[in-house]
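A short worksheet on the structure shown next.
The values are calculated or read from the model by the stated rules, or taken from the named source; none is laboratory data. In this text, all values refer to a predicted model and were calculated from it rather than measured experimentally. Cβ placement follows ideal geometry from the backbone for every residue including glycine, while neighbour counts extend to all protein chains displayed.
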Amino acid sequence: MRKYLHIIGLAAILLIVQAGTALAAQNVHTVKAGDTLWDIANKYGVSVSSIQQNNRLSSDQLQIGMKLTINSATAARSQNSSVVADSNTAYTVRSGDNLWTIASKYNTTVEQLMSLNNLSSDRLDVGVRLYVKAVPRPAATTPAPSRAVYPKPVTPPPTPVVTEQQESSTESTGDKAETDLGAQICQYGAKYLGTPYRYGGSGPAGFDCSGFAGYVFKQYGYSLPRSAVDIYGLGVAVDKANLRQGDLVFFKGPRSSCIDHVGIYVANNQFIHSSSTRSGGVIYSSLNGPYYGQYYVGAKRVLPE
């Protein structure tokens, strides 16, 4: 009888220890003003995807007061059993493709495609081969670190190229002053490359798309409305072939009923904008890329003629 009581006692102690360990590995974070999933993930040493999975989040948008469960034990297991690309399944990018359409075709996610192929932006080049299938990675033989650090991705800036059209536009003093102002605006915006995307953010620690454009233009005395669709109501329409530095370019996403994204034209068909958490915040993108080329709406010039 004493033997059985001893066994039952040991089992109870083991259960208590396991429960304590599970509780210790779990935290609850209350979302505060300015929080992003990227910030929270780095605070607790977990990945953004683990927070989304544990809290059943379908997007990166957060609300103040929301309580998020942070499970570091789950994060550690996911690091040990993460996925790697299956070399037997690859897809060659064709004209008109974007990450969303490829992900839908192969029943995966944009985030998974970017992770498998080490992509830092959603820009794709025709002819590039992408891994579209993942297989489990063997468990690591060494213990995972108690706190992971997820670096903030930064897209290197393209070298600005002045086109013949831009050179001819600077013949008069007035046009030169306008071009110089546009160049200054682009150079100032480049200071914030890599700044995290933050929904509702107007800087300088985090921006959404209209917040970034408004913050940069504000430094030069221009007050822009708070939303991309309202900014589109300003200025003079500009043909894509006649874009100058400092012009505002606009996009309408596949599920949006109105214009929902804005960026600042730089040069050589490149624009700077606060893209998304997944793409790395403030980055350069191409107007002719598979995604932004498909959803480009138009451009407006708010700088003086």
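Being at pLDDT 75 or above, surrounded by 17 or more Cβ atoms within 10 Å (Cβ to Cβ) and closer than 19 Å to SER285 by Cβ narrows it down to one of LEU130, LEU119, LEU124, so name that one. Can you show your working first?
On the way: LEU119 fails: at pLDDT 75 or above; LEU124 fails: at pLDDT 75 or above.
Exactly one of LEU130, LEU119, LEU124 is at pLDDT 75 or above, surrounded by 17 or more Cβ atoms within 10 Å (Cβ to Cβ) and closer than 19 Å to SER285 by Cβ, namely LEU130.
Name the pairs whose Cβ atoms lie under 6 Å apart, with the first residue in the range 247-270 and touching a residue at least 12 places away in the same chain (Cβ under 8 Å), the second among the basic types (Lys, Arg), and 6 or more positions between them or separate chains?
ASP247/ARG301; LEU248/LYS300; ILE259/LYS252
Select from the range 270-305 the residues that are assigned to a loop (DSSP other than H, G, I, E, B) and either of a type in the set (Lys, Arg) or surrounded by fewer than 18 Cβ atoms within 10 Å (Cβ to Cβ) (or both) and list them in ascending order.
Filtering the range 270-305 for residues assigned to a loop (DSSP other than H, G, I, E, B) gives 275-281, 287-291, 302-305.
ARG278, ASN288, VAL302, PRO304, GLU305 - these are the residues of the range 270-305 that are assigned to a loop (DSSP other than H, G, I, E, B) and either of a type in the set (Lys, Arg) or surrounded by fewer than 18 Cβ atoms within 10 Å (Cβ to Cβ) (or both).
Could you check how many residues of the range 200-220 are aromatic (Phe, Trp, Tyr), part of a helix (DSSP H, G or I) and either more than 19 Å from the chain's Cα centre (by Cα) or surrounded by fewer than 24 Cβ atoms within 10 Å (Cβ to Cβ) (or both)?
Pass one, the range 200-220, residues aromatic (Phe, Trp, Tyr): 207, 212, 215, 217, 220.
In the following step, the residues that additionally are part of a helix (DSSP H, G or I) were identified as 212, 215, 217.
Within this subset, residues satisfying the condition of being either more than 19 Å from the chain's Cα centre (by Cα) or surrounded by fewer than 24 Cβ atoms within 10 Å (Cβ to Cβ) (or both) are 215, 217.
Adding up the residues that qualify gives 2.
Scan the range 238-254 for residues that are closer than 15 Å to HIS273 by Cα and outside any loop (DSSP other than H, G, I, E, B) and jot them down.
Those that are closer than 15 Å to HIS273 by Cα and outside any loop (DSSP other than H, G, I, E, B): LEU248, VAL249, PHE250, PHE251.
Sort out which residues of the range 225-271 are farther than 23 Å from ARG123 by Cα and touching a Ser or Thr at 6+ places or on another chain (Cβ under 7 Å), and write them in order of number.
ARG226, SER227, ILE231
Among the residues of the range 229-240, is there at least one that is surrounded by fewer than 20 Cβ atoms within 10 Å (Cβ to Cβ) and at positive phi?
Step one: of the range 229-240, the residues surrounded by fewer than 20 Cβ atoms within 10 Å (Cβ to Cβ) are 229-230, 233-240.
Filter once more, keeping what is at positive phi: 235.
Within the range 229-240, one or more residues are surrounded by fewer than 20 Cβ atoms within 10 Å (Cβ to Cβ) and at positive phi.
Any residue in the range 293-305 that is among the small types (Gly, Ala, Ser) sitting within a Cβ distance under 6 Å of a residue that is part of a loop (DSSP other than H, G, I, E, B)? List the pairs, counting only those 6 or more apart or interchain.
Matching pairs, first to second residue: ALA299/LEU243; ALA299/ASP247.
Could you go through the range 221-237 and let me know if any residue there is assigned to a loop (DSSP other than H, G, I, E, B) and under 23 Å from LEU99 (Cβ atoms). Give the derivation first.
In the first step, residues of the range 221-237 are kept if they are assigned to a loop (DSSP other than H, G, I, E, B); the result is 221-227, 232-235.
The next check asks that each one be under 23 Å from LEU99 (Cβ atoms); those that pass are none.
Within the range 221-237, not a single residue is assigned to a loop (DSSP other than H, G, I, E, B) and under 23 Å from LEU99 (Cβ atoms).
Against the definition (farther than 23 Å from LYS191 by Cβ and modelled with pLDDT of 95 or more), how does LYS252 come out, yes or no? Write out each step before concluding.
Numbers: farther than 23 Å from LYS191 by Cβ: yes; modelled with pLDDT of 95 or more: no.
No: the conditions fail for LYS252.
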